[in-house]
Amino acid sequence: MAIRTKTLMRRLNIVPSWIAPLCFVLGGCGGGGSAPAPEAGAVPRALSLSSLSQEAAPANDMTRETPRDAPEPVRELFRIDVYQFTAPLGSLGRNEDFWKRIDEQCVDVGTYDLLFKNGLRVGVAPMSEFDGIRKHIDADASCRRLSVTGTIAQQVQLETRKDLVEQRIFYFDHANALIGRSYDRCANLMNLSFEPTPRKPGSVRVKLCPMVRADRTELEFSVLNQEREITYVSPEFLYDLNIRVDVAPDTFFILAPSADSDRLTSVGHAFLTADGPTERLEHVIVLVPRPLNADDPLTPPAQASR
């Protein structure tokens, strides 16, 4: 009977009660023993819980300060050097060899055609072509230079002709309709504005709009029949001829009269040509933008030199 019991216990892998304490004494608490290696694929329950608690701790740690505000946008500063000079009529505006090296596709085709038939011609060129401009700048003793520094500029007025007794201007609009009127005691200007080009770091968006500033005089009479003359300054913007060009770094912008400026009532003739003492002259406007760092010392917003 005892033999059958031992055989049954061996088959069922049952350890007698007197053997368990002996196994504990021999291999349990001794420093030299090592725990048996876990079976392949088994993950210790205590280790997995500890790992989960360590991963979740940073997310639940409310004492750690994290930035909540969006970072401030990078402020782009530009310095725009504006050159206004005169040259013999056709020196630049009708010099096709010069315009072959100028990118006139800086505006769309429709805008290019509209400007050209109104007597205006615009383009963008790399700074390597500026030497061809510089000789005309140096040759004109009356060249005017204006420097504007800032992130955004609005309505910087570039005077092209002044002290006009009267003039008539007719221009084509986007619908190819001819619009015109006459002005007395007036001056012609180009309004300049610029701002950073969206999504193009270092590039500046330049806008030019022709403007006629005319003086309008009215007579007022009092109850005592006393006469008083009041003069109003009335600016008129030719928005149909608004020029908008994105100027990339290391390039410059040029505005000159086109061949259609021969029409005496065109915008190009009124704004960009003049009668010299011995010959007809053309006015040319060149804009040279330079990106600046925000830490650079700023120059005054506008300073002119002649």
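Things to note:
- Net +/- balance of residues flanking Leu114 in space, Cβ distance below 12 Å, scoring K and R +1, D and E -1: -3
- Taking a straight line from the alpha carbon of Lys162, these lysines sit under 30 Å away, with near neighbours fewer than eight places off in the same chain left out: Lys117, Lys135, Lys207.
- Taken over segment 98-146, the ratio of Cα radius of gyration to 2.2 N^0.38 Å equals 1.36.
- Note on Glu195 and Asp163: the extension gain reaches 8.4 nm, defined as 0.36 nm multiplied by sequence separation minus the Cα-Cα distance.
- Spherically averaged projected area of the convex hull of Cα atoms, segment 78-295: 15.8 nm².
- Residue order, fewest to most beta carbons within 10 Å, for Phe194, Phe271: Phe194, Phe271
- Burial ranking of peptide ranges 176-187, 143-154, 81-92 (average Cβ count within 10 Å, highest at the top): 81-92, 143-154, 176-187
A short reminder: the numbers here are calculations on the coordinates, not readings from a lab. Computed from a prediction, not measured in an experiment: that's the story for all the values here. Neighbour counts run over all protein chains shown; Cβ positions are idealised from the backbone, glycine included.
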